[in-house]
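Heads up, the thing below is written out as structure tokens.
The values are calculated or read from the model by the stated rules, or taken from the named source; none is laboratory data. Since this is a predicted model, take the numbers as computed values, not measurements. So basically every Cβ, Gly included, is an ideal-geometry build from the backbone, and we count neighbours across all protein chains shown.
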Amino acid sequence: MHQRLKYLYHRFLKGNCTDVEYQELIALMDFLKDDPVLHELLDESWPILIENESTLPIDRAAAIYQRIVKEPQLKHRMFHKWKLYAAASLLLVAIGTIFYFYTDNLLNRSQTYSKNASIEDVEPGTTKAILTLASGKKIDLNNAAIDMQEAQSNLRIRKPNAGSVTLSLSEYANNNLQNEVEWNTITTPKGGMFNIVLPDSSQVFLNASSSISFPTNFAQHEREIKLTGEAYFEVERHKDIKGNSNVPFIVHVGSQLIEVLGTKFNVAAYTETPSIVTTLLSGAVKVTMGQGKEQSKDAVILKPGEQSRANKNSHKITVHEADIEESMAWKDGYFLFNNEPLKQIMEKITRWYNVEVSYEGNVDSIRFLGIYDRSKSLRKLLKDLEQTGKVHFDLIPDENTTKGRRVIVTAR
């Protein structure tokens, strides 16, 4: 993210920024307003920006800067006056006259929630998941004991901290690898996420409304799991029982097969999306469409920094350069919208805040670019999006509570 900020900032100083890049720069400065890297960039650019000092009084610049990045009162600000001025000047130039429209109407647009004031806000998602054993027994991992043994499934469950679970097999299970394969499943609901360490020491970070299934015993020649939704993997290399070779780690995702040895990658495969997206951070993975007799002979091998998109209908796989920060934003605790259609954004909001969404009017052409903290409440996030002037949101409570569980989206 810092590299992207520096890249856009220097493009701006050279006068080479596109309109979309201007918007992205503003969003990054807002998100990183307390970051020392941003402060250093402002220090560096002071000789360039100070030339415009006579065109904007320092108190006006400070007020503008506060509105853009929501800084505290001036007496508590972190920047010196000249830094405030530099940042304000940069942002003023970047968005030109549109900014004045924004500042003049900011308070008016923020009042659009007044009629929703009595509706209880929706807090962001938290760590929560359910483990369903092969026997059918369900365990709420949030409320499970810190260290427990499930004799029937030969599984030991340990919780090193909240939101994380470490799984290991008993000695009996490790010595009886030929048993019939049965599957355990960990599921996160809407508004939930969880970190799982599998019996082979591989880590899985499970996003909201997702599930991972793993066998009660990994086979000697391969480690197979099944995924729905989205997860980030850090796969450990694992030798066979004789210690001679690496055992492949295979992820079944719908009609797609991902084969790895030791690597870090993210897979997004929600039911409502048209493609299965695999993003590789390190190592190598082999991506194939179809399984068994229907498995395609056409496979792609991804290199670090590449991303495959497997169309669920055509079964065609394309490979692109990956935007790692965008793919990993959910795991790092924020939403990153890169000129993203509003409906796709609302799908993410639906999963994380566990709400329903309906639309009034045509919103197909509305897109957003920005970075938003996933720890914000729903009302705060929607208010930020609404301040662009593109869209209006209404929170509607469900039948039994005052909590705003339904969002009505209206194009402006």
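When the residues of the range 259-268 are narrowed to those that are at pLDDT 95 or above and either more than 17 Å from the chain's Cα centre (by Cα) or among the hydrophobic types (A, V, I, L, M, F, W, C) (or both), which ends up surrounded by the fewest Cβ atoms within 10 Å (Cβ to Cβ)? The residue in question is Ala268.
Rundown of residues vs (1) closer than 24 Å to Glu236 by Cα; (2) at pLDDT 95 or above; (3) of a type in the set (Lys, Arg), yes/no style:
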position: Thr271; (1), (2), (3): no, no, no
position: Thr278; (1), (2), (3): yes, yes, no
position: Gly290; (1), (2), (3): no, no, no
position: Gln295; (1), (2), (3): no, no, no
position: Lys303; (1), (2), (3): yes, no, yes
position: Ser308; (1), (2), (3): yes, yes, no
position: Ser314; (1), (2), (3): no, no, no
position: Ile317; (1), (2), (3): no, no, no
position: Ile324; (1), (2), (3): yes, no, no
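In the range 235-256, the residues that are among the acidic types (Asp, Glu) form Cβ pairs under 9 Å with partners that are modelled with pLDDT of 80 or more and surrounded by 15 or more Cβ atoms within 10 Å (Cβ to Cβ), at six or more places apart or across chains, as follows: Glu236/Leu198; Glu236/Asp200; Glu236/Ser202; Glu236/Gln203; Glu236/Phe249; Asp240/Val247. Pairing each residue of the range 349-377 that is without any contact (Cβ under 8 Å) to a residue 12 or more places away in the chain with any residue that is surrounded by 16 or more Cβ atoms within 10 Å (Cβ to Cβ) and of a type outside the set (Ser, Thr, Tyr), provided the two are 6+ apart or on different chains, yields no C-beta distance under 8 Å.
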